[in-house]
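My questions will all concern the structure given below.
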Amino acid sequence: MKEYSGRCRCEKITFKVSGEPTWKVNCNCNWCQTTSGSAFRSFVIFNEDDITYLNERPASYEDTKTEHGRPMSNLFCSTCGTIVGIKVPIMEGRQHISIGTIDQRKDINITCNIWGQEALQFTGYSKDAEVYKTGYWGGTGEKMEIEK
């Protein structure tokens, strides 16, 4: 079983994960763009029971007015502002951890990309990428053809 560790920038929030990811994904949706201030967000999703916060738990902000009609919660450090992850209610029992907070991030390859229809024009994809037009919930989703 793989073990992961991570932290926010100021190390007020540290965590350990004992278990394999259930999904690894880059999300290009408008919500992820505006809440991160970036072109997309990269997440590794784990079972919540596999995540242990060693110091403080992240603060949260629930947004009930998302473009896609479902509530989303940002999990962040109240001191340094690092976005540790998100909670998506339709993914009960799982938590998205922001790849940049994981110490082993260079060992993680993400090939699944969702909300490609909302991706910014300069977003590029690796040759082994799968890009879905919208979400990819429960193993479904319409793939997009992309230039590689």
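So if I check each of 3, 62, which one is loosely packed, with under 13 Cβ neighbours inside 10 Å and either in contact with a Gly (Cβ under 9 Å, 6 or more places away or on another chain) or β-branched (Val, Ile, Thr) (or both)?
Just a single option satisfies the conditions, and that option is 3.
Conditions: (1) free of Cβ contacts under 8 Å to residues at least 24 places away in the same chain; (2) among the hydroxyl-bearing types (Ser, Thr, Tyr); (3) under 26 Å from residue 62 (Cα atoms). Residue 82 meets all but one. Number of the miss?
(1)
Mind checking whether some residue in the stretch 132-144 is closer than 22 Å to residue 17 by Cα, touching a residue at least 24 places away in the same chain (Cβ under 8 Å) and surrounded by 16 or more Cβ atoms within 10 Å (Cβ to Cβ)?
Within the stretch 132-144, not a single residue is closer than 22 Å to residue 17 by Cα, touching a residue at least 24 places away in the same chain (Cβ under 8 Å) and surrounded by 16 or more Cβ atoms within 10 Å (Cβ to Cβ).
Yes/no per residue for (1) touching a Phe, Trp or Tyr at 6+ places or on another chain (Cβ under 7 Å); (2) among the hydroxyl-bearing types (Ser, Thr, Tyr); (3) modelled with pLDDT of 90 or more; (4) loosely packed, with under 11 Cβ neighbours inside 10 Å:
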{"position": "69", "(1), (2), (3), (4)": "no, no, no, yes"}
{"position": "73", "(1), (2), (3), (4)": "yes, yes, yes, no"}
{"position": "88", "(1), (2), (3), (4)": "no, no, no, no"}
{"position": "91", "(1), (2), (3), (4)": "no, no, no, no"}
{"position": "120", "(1), (2), (3), (4)": "no, no, yes, yes"}
{"position": "123", "(1), (2), (3), (4)": "yes, yes, yes, no"}
{"position": "129", "(1), (2), (3), (4)": "no, no, yes, no"}
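Just give me the residues in the stretch 16-31 being crowded, with 20+ Cβ neighbours inside 10 Å, more than 16 Å from residue 70 (Cα to Cα) and among the hydrophobic types (A, V, I, L, M, F, W, C), in sequence order.
Within the stretch 16-31, 17, 25 qualify.
The values are calculated or read from the model by the stated rules, or taken from the named source; none is laboratory data. In this text the structure is predicted, and so the values were computed from the model without any measurement. In this analysis, Cβ positions are derived from the backbone assuming ideal geometry, glycine residues included, and neighbour counts consider all displayed protein chains.
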